[in-house]
Amino acid sequence: MALLSANNWYSGAKRMEKPISFGYMSEHRFQVRPEKEEELNRMMADLKLSETDIEETFLLPGTKGGQNANKNATKVRLLHKPTGIQVSCKKSRSQNLNRFLARRLLVQKIQSMQNQFSDRPFQSDTEKVVAKIRKQKAKQRKRHLQKHATEPNE
């Protein structure tokens, strides 16, 4: 039974809630080790990605997790505006960790896309059509020369 004081207010001991703070989390954006965050920043700098090019959206995860999943938008969706690449992450119940993981996934996708296109030059649809027509005409020219070169001149 609750103890009541003279003014009928509950005078029980109040629990002090103090967030757990690690020394390195206060000066960094994500709740990861500084080495991991520095590596992510270095990879983003190598690819010339800036935070202004990334649109960040927070969603409800739609998975198990009870009250935390129903109340907190921990799923992170990133859209890289210049390339149109979109990634989402809901691996953790922590929004900060999901932000970090989504950025790392975005960097990996952009790197793989650059590696794929570095092997061959980029061609638009019109350039592909022009190249196809040139190839066909070269083939026709070759056939024409073969046909008329074998005929004897009279």
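The values are calculated or read from the model by the stated rules, or taken from the named source; none is laboratory data. The structure presented is a predicted model; accordingly, all values stated were derived computationally and were not measured. For neighbour counting, all protein chains shown are included, and Cβ atoms are generated from backbone atoms with ideal geometry for every residue, glycine included.
A few points about this structure:
- The C-beta contact set for region 27-51 (first residue under 17 Å from residue 96 (Cβ atoms) and touching a residue at least 60 places away in the same chain (Cβ under 8 Å), second residue in a loop (DSSP other than H, G, I, E, B) and not β-branched (Val, Ile, Thr), distance under 6 angstrom, 6+ apart or interchain) comprises 31/25; 37/28; 37/30.
- Some residue of region 90-112 being over 19 Å from residue 39 (Cα atoms), at pLDDT 80 or above and hydrophobic (A, V, I, L, M, F, W, C): no
- When residue 99 is tested against (1) over 17 Å from residue 31 (Cα atoms); (2) not in a loop (DSSP other than H, G, I, E, B), exactly one condition is not met: (1).
- Being at pLDDT 90 or above and exposed (fewer than 10 other Cβ atoms within 10 Å of the Cβ) is not true of residue 17.
- Qualifying residue in region 42-57 (condition: surrounded by 12 or more Cβ atoms within 10 Å (Cβ to Cβ), in contact with a helix residue (DSSP H, G or I) (Cβ under 6 Å, 6 or more places away or on another chain) and among the polar types (S, T, N, Q)): no
- Selected residue (criterion: farthest from residue 95 (Cα to Cα)) from residues of region 45-74 that are aliphatic (A, V, I, L, M) and outside any loop (DSSP other than H, G, I, E, B): 45
- Region 79-113, subset touching a Cys at 6+ places or on another chain (Cβ under 7 Å) and among the aliphatic types (A, V, I, L, M), residue surrounded by the fewest Cβ atoms within 10 Å (Cβ to Cβ): 105
- When restricted to residues that are surrounded by 13 or more Cβ atoms within 10 Å (Cβ to Cβ) and at pLDDT 90 or above, region 24-40 contains 4.
- Among the conditions (1) out of contact with any strand residue (DSSP E or B) (no Cβ under 9 Å at 6 or more places or on another chain); (2) surrounded by 10 or more Cβ atoms within 10 Å (Cβ to Cβ); (3) modelled with pLDDT of 85 or more; (4) more than 24 Å from residue 45 (Cβ to Cβ), residue 146 misses just one, which is (2).
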